[in-house]
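All remarks here apply to the structure that follows.
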Amino acid sequence: MRQVAREFQQRAEQADFVAVIDDEGSHTAREMLAEAARLAEVMFPDGDGGTVMLQADNSWRTVAASLAVGLTGGVLAVVNRHTTRAEFAAAFEDICPDAVVAEPSAMEEWAVPELLQGRTDDAVLDGWTCRSAVGRPDISRWSGGVLIGLTSGSTGRPKGVVQSEAALRYAGSSTIDINGLTRGDAVAAIVPLSSTAAYCFGVYLSLLLRGPLVLLGKWDRAVALRRMADADVRWTMCVPTMALQMGAEAAGSGILAGVRAITVGGGPMDQGALARAEQSLGTKILRVFGMSECLGHTSPRPDEPEEIRLGRDGRPFPGTDLRAMTPDGAEAAPGTSGRAQVRGPSLFLGYARDGRVEPPALTDDGYFPTGDLLMTHEDGTVSIMGREKDVIIRGGRNIDITEIERAVASYPRVARACVAAVPDEVLGERVALLVVTEDGDGIDLAEVTGHLESVGLSKTKWPEFVYGIEELPQTKVGKLDRFGARDLARRLHTRTPDPA
């Protein structure tokens with residue numbers, strides 16, 4: 001991240017400016033650079049940057065550490081504070097860092113002194129700790145990668161996604177252009193900065209703009225609204241749950257009328273619910289599609305009609321190719337669902353394995369299979385139809401859970417919903433529905449199926465169990481946790497008599 005760090009440094013040398021607004025207040029660019037210089041001296045006294053695993057929290061520390069790594073020409077790996085000891089150990093094994101920077105309690109919990117034999121712990125970043133290895137670092141092992149973000153694999157072991165600066169810059173610049181942002185604009189990061197996408201569209205994008213980055217240490221919808229309004233934020237990215245919660249909190253006040261757009265991705269989305277949220281907030285919401293392996297590669301524009309902004313998932317960034325493939329290997333025609341494949345400038349270099357980059361498995365013509373089901377449209381927009389594996393097999397019949405969730409989400413009383421399989425001795429799996437209602441009151445199976453009948457969903461796809469809950473399980477970065485939802489549905493199912 002040397003390029004963006006140097007540009008930030010040059011801008012600060014010309015004139016200081018507010019670079020971060022977080023729970024502790026405002027922090028200037030020159031203050032960030034001073035903290036970065038002190039951290040760099042502790043991590044790499046010889047001046048050669050290395051690979052740094054950072055506890056990436058939503059505070060000025062993440063920005064200062066990013067500048068320290070960037071200005072020394074190093075590689076940054078971001079880790080969530082809630083990462084377990086076993087998860088951290090697995091990530092450590094794949095990344096083989098030269099330094100770890102985190103708060104003291106995390107260093108102890110993750111057993112960093114046992115994993116990283118080296119210098120004694122040093123105090124950095126106003127109360128945090130840095131532990132560095134002895135020896136000269138070698139970043140050439142990352143083949144030009146500058147950022148490693150962890151994403152959960154199907155086995156539960158975290159995968160380190162390695163991205164280049166060119167990929168980060170392309171994804172960030174495309175988002176800036178699409179949303180009409182300009183130099184010095186304030187943007188907000190309200191999702192945890194420990195994911196590749198959140199870091200790219202939070203820290204890196206704000207460094208490109210060289211304007212204030214507004215941060216929220218812990219999710220609080222009321223605080224988020226006030227802080228963004230007070231700081232004149234022009235854009236932010238979040239998951240659907242956050243957008244809907246902010247819309248409810250705004251209560252039609254239009255408090256975010258100064259925001260050009262809110263980009264939303266990473267979970268089931270209903271057009272009607274999003275439309276109500278954006279009207280309440282006073283801004284535009286943009287449904288997008290992306291992944292750690294190919295950052296934010298589709299988006300609509302704020303001036304497009306609601307059907308495009310909220311009913312679909314945008315169109316590919318300029319220079320990105322996205323296609324749907326049929327089972328026989330042909331490209332699916334518009335209006336036909338197929339397996340999504342993508343290639344473009346934000347495609348990752350590979351996964352971190354044993355301290356090096358393991359190249360991804362691509363098609364012969366360079367496309368990455370995303371694991372999603374995709375439908376293209378004649379106008380160039382796309383719709384994500386769900387994950388290839390998001391099916392429930394009931395008595396030998398495949399049931400697409402995304403189709404059910406979309407139908408349920410169109411019911412006005414439903415705020416959020418998730419479909420999960422529960423075991424059945426005869427049928428193998430049956431369909432259960434977890435529901436959060438708008439009013440917090442209960443909801444029963446008859447009410448749900450009555451709505452599904454009215455919208456024409458086939459009865460063979462109706463849920464057989466409905467459980468009203470206070471909130472859906474979420475991952476560490478605020479996305480829907482489907483594994484957690486499945487486990488919750490199964491626990492609730494064992495306590496409930498079978499209606500059949």
Worksheet item: Of all residues in segment 431-462, which are open to solvent by less than 40 Å² (accessible area, probe 1.4 Å) and modelled with pLDDT under 90?
Response: 457
Item to complete: Scan segment 441-500 for residues that are in contact (Cβ under 8 Å) with a residue 24 or more places away in the chain, over 21 Å from residue 392 (Cα atoms) and hydroxyl-bearing (Ser, Thr, Tyr) and report the count.
Response: 1
Worksheet item: Among 39, 33, which is over 17 Å from residue 212 (Cβ atoms), touching a helix residue (DSSP H, G or I) at 6+ places or on another chain (Cβ under 8 Å) and either in contact (Cβ under 8 Å) with a residue 12 or more places away in the chain or not aliphatic (A, V, I, L, M) (or both)?
Response: 39
Worksheet entry | Tally of residues being part of a loop (DSSP other than H, G, I, E, B) and in contact with a helix residue (DSSP H, G or I) (Cβ under 7 Å, 6 or more places away or on another chain) across segment 374-391 | 2
Fill in: Flag if residue 340 is within 29 Å of residue 97 (Cα to Cα) and either in the same structural domain as residue 172 (by the TED database) or not in a loop (DSSP other than H, G, I, E, B) (or both)
no
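Rundown of residues vs (1) crowded, with 24+ Cβ neighbours inside 10 Å; (2) farther than 21 Å from residue 275 by Cα, yes/no style:
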residue: 187; (1), (2): yes, yes
residue: 196; (1), (2): yes, yes
residue: 221; (1), (2): no, no
residue: 224; (1), (2): no, no
residue: 233; (1), (2): yes, no
residue: 245; (1), (2): no, no
Item to complete: Go through segment 125-174 and give me each residue that's open to solvent by 10 Å² or more (accessible area, probe 1.4 Å) and either among the β-branched types (Val, Ile, Thr) or at positive phi (or both).
Response: 126, 127, 129, 134, 135, 139, 143, 144, 146, 151, 155, 156
Practice prompt. List every residue pair whose Cβ atoms sit under 6 Å apart, with the two residues 6 or more apart in sequence or on different chains, where the first one lies in segment 299-324 and is at pLDDT 95 or above and the second, anywhere, is buried (at least 18 other Cβ atoms within 10 Å of the Cβ) and of a type in the set (Asp, Glu).
Written response: none
Worksheet item: Within segment 193-249, which helices (runs of 4 or more DSSP H) (wholly inside it) include 3 or more residues that are over 19 Å from the mean Cα position of the chain (by Cα) and in the same structural domain as residue 181 (by the TED database)?
Response: 221-230
Worksheet, complete the sentence: Selection from segment 348-369 of residues over 17 Å from residue 382 (Cβ atoms), touching a strand residue (DSSP E or B) at 6+ places or on another chain (Cβ under 7 Å) and not in a loop (DSSP other than H, G, I, E, B) yields 350, 351, 352, 357, 358
Practice prompt. Give segment 320-352 a look and list any residue that's open to solvent by 40 Å² or more (accessible area, probe 1.4 Å) and over 22 Å from the mean Cα position of the chain (by Cα), or say none.
Written response: 327, 328, 329, 330, 331, 333, 334, 335, 336, 337
Response to the item:
Out of (1) of a type in the set (D, E, K, R); (2) touching a residue at least 24 places away in the same chain (Cβ under 8 Å); (3) within 29 Å of residue 323 (Cβ to Cβ), the one residue 394 does not meet is (3)
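Looking only at segment 415-425, which residues are in contact (Cβ under 8 Å) with a residue 40 or more places away in the chain and either open to solvent by less than 10 Å² (accessible area, probe 1.4 Å) or more than 13 Å from residue 274 (Cα to Cα) (or both)?
Listed by number, the residues that qualify are 417, 418, 419, 420, 421, 422, 423.
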Worksheet, complete the sentence: Taking segment 250-289 and keeping residues small (Gly, Ala, Ser), in a loop (DSSP other than H, G, I, E, B), modelled with pLDDT of 95 or more and in contact with a strand residue (DSSP E or B) (Cβ under 8 Å, 6 or more places away or on another chain) leaves 258
Practice prompt. Identify the residue in segment 362-371 that is of a type outside the set (S, T, N, Q) and free of Cβ contacts under 8 Å to residues at least 60 places away in the same chain and, among all such residues, is most open to solvent (accessible area, probe 1.4 Å).
Written response: 364
Response to the item:
Taking segment 290-323 and keeping residues of a type in the set (Val, Ile, Thr) and part of a helix (DSSP H, G or I) leaves 308
Fill in: Test: residue 250 is touching a helix residue (DSSP H, G or I) at 6+ places or on another chain (Cβ under 7 Å), farther than 26 Å from residue 482 by Cα, open to solvent by less than 20 Å² (accessible area, probe 1.4 Å) and among the small types (Gly, Ala, Ser)
yes
Practice prompt. Would you check which residues across segment 380-401 are under 19 Å from residue 342 (Cβ atoms) and at pLDDT 80 or above and list them?
Written response: 380, 381, 382, 383, 384, 385
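So if I check each of 76, 67, which one is assigned by the TED database to the domain that holds residue 218 and under 16 Å from residue 133 (Cα atoms)?
76
The values are calculated or read from the model by the stated rules, or taken from the named source; none is laboratory data. Keep in mind that this is a model prediction, so the values were computed, not measured. We place every Cβ from the backbone using ideal geometry, glycine too, and count neighbours over all the protein chains shown. SASA here: full protein model, heavy atoms, side chains in, ligands and nucleic acids out. Shrake-Rupley method; radii C 1.70, N 1.55, O 1.52, S 1.80 Å.
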